[in-house]
Structures are given as structure tokens and as C-alpha cells.
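The structure appears below as C-alpha cells.
The values are calculated or read from the model by the stated rules, or taken from the named source; none is laboratory data. Keep in mind that what you see is a predicted model, and the values were worked out from it rather than measured. We place every Cβ from the backbone using ideal geometry, glycine too, and count neighbours over all the protein chains shown. Side chains are part of the model used for accessible areas, which takes the heavy atoms of the whole protein and leaves out ligands, DNA and RNA. Shrake-Rupley method; radii C 1.70, N 1.55, O 1.52, S 1.80 Å.
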Amino acid sequence: MFKDKNGPGGVFMIAKGGVPIYRKAFGKANLELNFDMTPENVFQLGSLTKQFTAVAILLLEAQGKLNTADPIAKYIPDYPFGDEITIHHLLTHTSGIADFTKMKSLPQIAHQDLTPKQVVDFFKNEPRTSKPGEKFEYNNAGYVILGYVIELVSGLSYENFITKNIFEKAGMSSSRYASDIAIIKHRAYGYQKKEFGYQNKKNISFNIPFSAGSLMSTVDDMLKWQNALNQNLILNAAVLNKAFKKYKLINGDNIDYGYGWHLKEINGIAVREHGGSIFGFKTMSVYFPKEDILAIGLSNCDCNSPTQVTRDIAFLALGVHKE
């Protein structure tokens with residue numbers, strides 16, 4: 001993995017105390033033009049988008065514009081069981097809403113530039129998989145609804161809200177909402193691997209993954225994001241810590257997820273991590289809050305998952321052997 005110098009590659013970074021200690025690119029950013037990958041390349045993040053969406057919700061809560069305990073019926077009155085499902089349930093993947101990315105009819109809308117309301121209307125009548133708070137089931141639909149709520153409450157598009165309130169505040173000048181048609185400097189092109197070799201990624205409308213998976217960034221900007229969170233540039237610590245709490249199901253069981261981050265303990269060490277996957281790209285972020293060590297891996301082929309490599313280099317930086 002990541003050994004094919006002439007194939008798609010990736011960029012990896014380790015930072016300690018907010019400063020990079022390792023930053024390296026592998027493979028090609030563009031196969032057709034034979035351009036080598038550089039650490040400055042811009043990747044689609046996939047589900048790493050969810051942490052930005054979660055923090056945006058907490059930002060609106062801090063401004064008194066919503067409450068995570070609010071039922072979604074307050075914002076989307078016609079949503080089925082919307083009086084039982086709260087914003088908190090959406091954030092923690094405990095809403096019981098079916099994940100629309102598993103719907104067989106998804107290809108029918110995959111290329112359409114639907115509005116957030118139209119995407120929500122597409123899946124809202126799917127049968128529930130469980131009652132709210134009953135179980136944890138990772139769910140893109142919940143995070144699409146959150147993006148729609150951000151737009152309804154703020155009066156801004158999701159893209160503009162994130163750009164103004166997060167990217168600009170954190171100095172993330174290479175980060176943006178994804179586009180296949182915009183000119184994006186240092187873009188890493190996405191690839192998929194078939195039996196005959198590599199091909200360009202499938203195209204979809206980014207209005208479909210939306211606030212669950214449509215942001216783009218670089219390893220440097222992802223470090224700026226982590227530093228901005230640590231320095232309370234976006235939110236004060238008391239509010240932000242809601243994202244890093246383990247929550248309980250109604251039966252009292254803990255779930256290993258906060259708001260937009262998986263929360264784990266490995267060898268007694270607290271870890272916040274998340275991965276992402278979207279056509280042509282796979283991503284991974286691993287953070288040790290106590291030690292302030294961040295490892296980021298971004299790949300431009302969905303044939304190369306950076307998950308294990310990113311975890312391994314994070315633990316190398318920590319100086320411990322992972323079991």
C-alpha cells in the first residue's frame with residue numbers, strides 16, 4: 001500500500017504540540033499528467049466532514065439559535081417521528097433513521113444537484129431501523145439533516161457557514177466545499193482501481209453527501225483545524241467538550257462516539273479518530289488529546305485505505321507499541 005510510485009498515493013502528517021514532525025507525500029496526484037503528490041495537495045475528506053458539521057451545530061447552540069435537545073420537528077415539521085428524534089440523536093448516530101447511502105434507489109439521484117430539503121425528502125419516509133436512542137448505527141442521513149438544520153437556522157448555505165465560521169477563523173485557506181468543476185489549486189485527483197488498472201473516480205453531485213461528506217482539505221489545514229479547536233478559536237472549551245463526551249443509549253450502555261468523532265481508549269490512551277470514504281478518496285485522522293499528537297492520512301484512491309497506516313504512525317509518535 002502506497003508503494004506504487006506511478007499510481008495514486010497519499011499524504012501523511014504527524015504533529016506534536018501543534019507542530020508537524022513528519023510530513024510526506026507518496027505516489028501521484030494526477031496519473032494522466034504524471035504529477036507527483038506533494039504535501040500541499042487538496043483531497044476530498046469524505047466523512048471527516050462530520051466533525052465540521054458537529055462543531056457548526058455546537059456553534060449555533062452557543063449563539064442561542066438551537067439546542068441539541070431540540071426535536072427535529074422544530075425545524076422540519078413534516079419529518080416522520082420528528083418530535084421523538086433530537087439533534088443529539090443525529091449527532092451521535094442514535095436516531096434510528098435508515099442510512100440513505102444504502103438505499104437501492106440512490107443512483108437515481110446521485111448526479112442531481114438537489115437542495116438539502118430535496119435530499120431529506122428523498123429518504124425521510126424510509127422505515128426506521130430502531131427507536132431514537134436505542135442503538136448506535138453509523139448514519140450519513142442524520143448528518144445531512146444536520147446540514148439542512150444549519151442552513152435553516154443560520155440563513156446561510158452550509159458551504160458559506162462553514163467557510164465563514166470555521167475555515168476563515170482557523171486560517172484554513174486551502175479548505176472548501178468540494179467541486180469537480182471549480183479550479184482548485186493543488187487538487188489531488190481521485191481514482192478507483194479495477195481489474196484492468198486505475199480509472200478516474202465516479203462523479204456524483206456533492207449535494208448528495210453534503211454535510212455528511214463534501215468538504216476538501218489538506219494535511220496542513222487539518223492541523224490548523226485541530227489547533228483552532230485546542231486554542232478555542234472556534235468555540236469555548238465548555239461547549240466544545242460536548243463533542244468529546246461518550247454518550248449513553250436509553251438502556252444505559254455507553255457508545256464510543258461523541259459529536260463527529262469516534263472516542264476510544266487503546267492501551268489506556270484516549271483517542272479521538274474518524275475516517276472518511278468517498279469515490280476516489282479515503283481519509284483518516286487520529287488524535288491523542290492528552291499528548292497533543294495528531295496523525296492525518298489522505299489518499300487519492302479508494303483502493304488505498306490510510307486507516308491502519310495512520311493509526312500505526314500515530315502510535316509510533318507516541319512511542320508505544322499498539323496491541
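Taking the residues in segment 166-219 that are in a loop (DSSP other than H, G, I, E, B) and of a type in the set (F, W, Y) as candidates, determine which candidate is surrounded by the fewest Cβ atoms within 10 Å (Cβ to Cβ). Among those that are in a loop (DSSP other than H, G, I, E, B) and of a type in the set (F, W, Y), it is F196. All conditions in (1) part of a loop (DSSP other than H, G, I, E, B); (2) buried (at least 22 other Cβ atoms within 10 Å of the Cβ); (3) of a type in the set (S, T, Y) hold for Y79, with the sole exception of (2). A residue that is at positive phi and buried (at least 20 other Cβ atoms within 10 Å of the Cβ) occurs somewhere in segment 252-261. Of all the listed residues (A243, A295, A317), the sole one being hydrophobic (A, V, I, L, M, F, W, C), open to solvent by less than 10 Å² (accessible area, probe 1.4 Å) and outside any strand (DSSP E or B) is A243. So, in segment 100-118, how many residues would count as being open to solvent by 60 Å² or more (accessible area, probe 1.4 Å) and part of a loop (DSSP other than H, G, I, E, B)? The total comes to 5. Restricted to segment 28-62, and to residues there that are in contact with a helix residue (DSSP H, G or I) (Cβ under 9 Å, 6 or more places away or on another chain) and assigned to a loop (DSSP other than H, G, I, E, B), the residue that is farthest from C303 (Cα to Cα) is E40. Selection of first residues in segment 40-68 that are free of Cβ contacts under 8 Å to residues at least 24 places away in the same chain and of second residues that are open to solvent by 10 Å² or more (accessible area, probe 1.4 Å), restricted to Cβ pairs under 8 Å at least 6 apart or on distinct chains, gives the following pairs, ordered by first then second residue: N67/E61. The number of residues in segment 132-157 being exposed (fewer than 15 other Cβ atoms within 10 Å of the Cβ) and within 14 Å of A98 (Cα to Cα) comes to 1.
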